[in-house]
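Here the structure comes first, spelled out in structure tokens, and everything after it is commentary.
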Amino acid sequence: QVQLVDSGGGLVHVGGSLRLSCVASGSIFSFSTMGWYRQAPGKQRELVAVITSVGSTNYVDSVKGRFTISRDGAKNTVYLQMNTLKPEDTAVYYCRLTIFANECWGQGTQVTVSS
């Protein structure tokens, strides 16, 4: 059974940076699509960035040019580098693994951007 562990969140000032990490257990990481989602208070969870097993990426418009998703197959880890953070980036960030019809979520990590 795959498990995901998110980390790297914290409190940062406007304009600052954070790097989130998500480590996957098991042997299917390399074949999976990995995504970062976020959920702000009172809002629905939204997709932030996704990276396929072959490295293709896509981003929600609000983070393009500021966030970068990447993956390291040797470490079974997906990263989200977040630069030029804004107050509206404040949310709980979750990683998600999808392969065929299956999915798995991390426990979430809080990102708070203060002005």
Requested in this report: For region 28-37, indicate whether the set of residues that are open to solvent by 50 Å² or more (accessible area, probe 1.4 Å) and at pLDDT 95 or above is non-empty.
Outcome: no
Query raised in the report: When residues of region 64-90 are filtered for being of a type in the set (V, I, T) and on the phi > 0 side of the Ramachandran plot, how many remain?
Result: 1
Report summary line: Over region 1-27, the set of residues among the charged types (D, E, K, R) and open to solvent by 30 Å² or more (accessible area, probe 1.4 Å) is R19
Query raised in the report: Taking region 25-49 only, how many residues are touching a residue at least 24 places away in the same chain (Cβ under 8 Å) and either of a type in the set (D, E) or touching a Gly at 6+ places or on another chain (Cβ under 6 Å) (or both)?
Result: 1
Requested in this report: Just name the residue that is most open to solvent (accessible area, probe 1.4 Å) out of those in region 51-81 that are β-branched (V, I, T) and under 22 Å from G16 (Cα atoms).
Outcome: T68
Requested in this report: Tell me, yes or no, whether region 36-53 has at least one residue that is charged (D, E, K, R), in contact with a Phe, Trp or Tyr (Cβ under 8 Å, 6 or more places away or on another chain) and closer than 17 Å to V2 by Cα.
Outcome: no
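For (1) touching an Asp or Glu at 6+ places or on another chain (Cβ under 9 Å); (2) free of Cβ contacts under 8 Å to residues at least 40 places away in the same chain; (3) of a type in the set (K, R), each residue gets a yes or a no:
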position: Q3; (1), (2), (3): no, no, no
position: D6; (1), (2), (3): no, no, no
position: G9; (1), (2), (3): no, no, no
position: H13; (1), (2), (3): no, no, no
position: G16; (1), (2), (3): no, no, no
position: V23; (1), (2), (3): yes, no, no
position: I51; (1), (2), (3): no, yes, no
position: G55; (1), (2), (3): no, yes, no
Query raised in the report: Which of the residues spanning region 82-101 are over 24 Å from G16 (Cα atoms) and either free of Cβ contacts under 8 Å to residues at least 12 places away in the same chain or β-branched (V, I, T) (or both)?
Result: T98, I99, F100, A101
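The values are calculated or read from the model by the stated rules, or taken from the named source; none is laboratory data. As the structure is a prediction and not an experimental result, all values here were calculated from the model. Methodologically, a virtual Cβ is constructed for each residue, glycine included, from the backbone with ideal geometry; neighbour enumeration extends over all protein chains shown. Note: areas computed on protein heavy atoms with side chains; ligands, DNA, RNA excluded. Shrake-Rupley method; radii C 1.70, N 1.55, O 1.52, S 1.80 Å.
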